[in-house]
Amino acid sequence: MDFKQIEAFVFVAKYKSFSRAAEKLLLSQPAISTHISTLEEQLGVKLFDRLSKEVVLTEVGQIFFPYAVDILDLRERSHEAVKEFLNEVSGNLHIGYSTVAAEFILPEVIKKFKEDYPKTFFNIDNAGTQTIIQRLSDGILDLAVVARKIPKKDLEYKVLTKDKIVLIVHKNHKFYTRGSVFIEEILAEEFITREIGSGTRASVEHGFKQKGYDFDSLNIVAVLSSTFSIKNAVKKELGIAFMSEMALADENDGTIKAIPVTDLVVEKEVYVVYSKNRTNKKLLKHYIDTLLKFK
């Protein structure tokens, strides 16, 4: 059993795909298959079940998984201990995010961080909040940026910033020339929304409830799974939508714009979250400090 086999196992388990694991590890798919086969032979067990569209851990694979993660973490911490002795900040950080705000925050912070610590590398994943938090808890991720708390005793949440949720309309909509609107005026409009479980949708639903309105009573014509797709749908005049104000930062051609809803102010807190057990990792600690200084 060697590190390459363990790493291949963890990445296949994480992505449920030999090809995706090979892509992330910059190896060929046959090389990944060989590592897994050799590991299974050495352990004398079958670690994965090959289904039609994905591979999943067997029962014994699920038992072995946290130990494999710990082995890789121990290797990383041993390297960090040597770097600590040499007073060097370098290495790899694996970050996950589930909120559009992170797409604007992370690149800026990473750029600044690499100016100070050039021997660093970042691997960034995007998924739903629940998936991201589970990967963080499992030790696959070093930290995450999310817009919703999922309580887990081993995780620490700190407020990074606040993201305002705004109503956006297309240039031919009757609200486009208005300075503001009221909730009652928007109820009959055709709406595009994010999927259930989205932080943006949850924040808007909460805001409606506080004002005595039922979000589900809106005239919803489409449910989309990304901010990018919602912006395009509004531009195509499919309807109007609520979305992150940060996501409008690069929209300056006048095809869409934000209209204040006078009696509805919605903000969602954006959190940086990390394992309480891993803050001794020097690189991680320095990055968290830099991230929390973001303005």
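Here, each number is a calculation from the coordinates, and none is a lab measurement. The model shown is predicted, which means the values in this text are computed figures rather than measured ones. We place every Cβ from the backbone using ideal geometry, glycine too, and count neighbours over all the protein chains shown.
Step through the table entries LYS153/LYS209; LYS119/LYS282; LYS16/LYS153; LYS149/LYS276, compare each Cα-Cα distance with 18 Å, and write down the pairs that go over it. Check vs 18 Å cut-off fails for LYS153/LYS209; LYS16/LYS153.
Once both labels are positioned 7 Å from their Cα atoms along Cα-to-Cβ, the gap between VAL265 and LEU51 label points is 4.6 nm. Around the Cα centre of the chain, unit charges on the Cβ atoms of Lys, Arg, Asp and Glu (plus for the first two, minus for the last two) sum to a dipole of about 380 debye.
Fully extended, how many nm does the chain gain between ASP2 and GLU23 (0.36 nm per residue separation, minus their Cα-Cα distance)?
5.6 nm
Taking other C-beta atoms within 10 Å as the exposure proxy, MET246, MET1 rank MET1, MET246 from fewest upward. Coupling constants for the range 21-37 follow from the phi torsions by the Karplus curve (6.51 cos²θ - 1.76 cosθ + 1.60, θ = phi - 60°), and in residue order they are 5, 4, 4, 5, 8, 6, 10, 7, 5, x, 5, 5, 4, 5, 4, 5, 4 Hz; glycine and proline get x. Annotation for ILE196 and ASN232: the two label points, set 7 Å from Cα along the Cα-Cβ direction, are 2.6 nm apart. Using a Gaussian network model of the chain whose springs link C-alpha atoms within less than 10 Å, name the residue from ALA13, ALA147, ALA258 with the highest mean-square fluctuation. Maximum among the listed residues: ALA13. Taking the Cα centroid of the range 1-80 and of the range 164-192, what is the distance between the two, rounded to the nearest whole Å? Cα centroid to Cα centroid, the span is 49 Å.
Extension gain, ALA127 to ASN219, is 30.4 nm, computed as 0.36 nm per intervening residue step minus the present C-alpha separation. Taking every C-alpha pair closer than 8 Å and separated by at least 6 residues, the mean separation divided by the residue count of the range 1-87 gives a relative contact order of 29 percent.
As a rough footprinting exposure proxy, the listed residues TYR67, TYR15 were ranked by other beta carbons within 10 Å of their own, and the order from fewest upward is TYR67, TYR15. Which of [x] 67, 47, 33; [y] 67, 48, 36; [z] 98, 41, 32 is the computed Cα extents along the principal axes in Å for the structure on display? Read-out from the structure maps to [y].
Across the range 120-137, computed HN-Hα scalar couplings (Karplus, 6.51 cos²θ - 1.76 cosθ + 1.60, θ = phi - 60°) run 10, 9, 10, 10, 10, 10, 10, 6, x, 4, 4, 5, 4, 5, 5, 5, 5, 5 Hz from first to last residue, x flagging Gly and Pro.
Quote to one decimal, in nm, the extra length available between LYS112 and GLU185 on full extension: 0.36 nm per residue of separation minus the C-alpha distance between them.
Details: separation 73, 0.36 × 73 = 26.28 nm, distance 4.40 nm.
Here the segment from LYS112 to GLU185 would lengthen by 21.9 nm.
For the chain, relative contact order (Cα pairs under 8 Å, six or more residues apart, normalised by length) works out to 21 percent. Between the listed residues THR38, HIS79, SER19, the Cα displaced farthest toward the positive end of the dipole of the range 1-87, a dipole computed from Cβ unit charges relative to the Cα centre, is found at SER19.
The order of ARG20, ARG50, going from fewest to most other C-beta atoms within 10 Å of their C-beta, is ARG50, ARG20.
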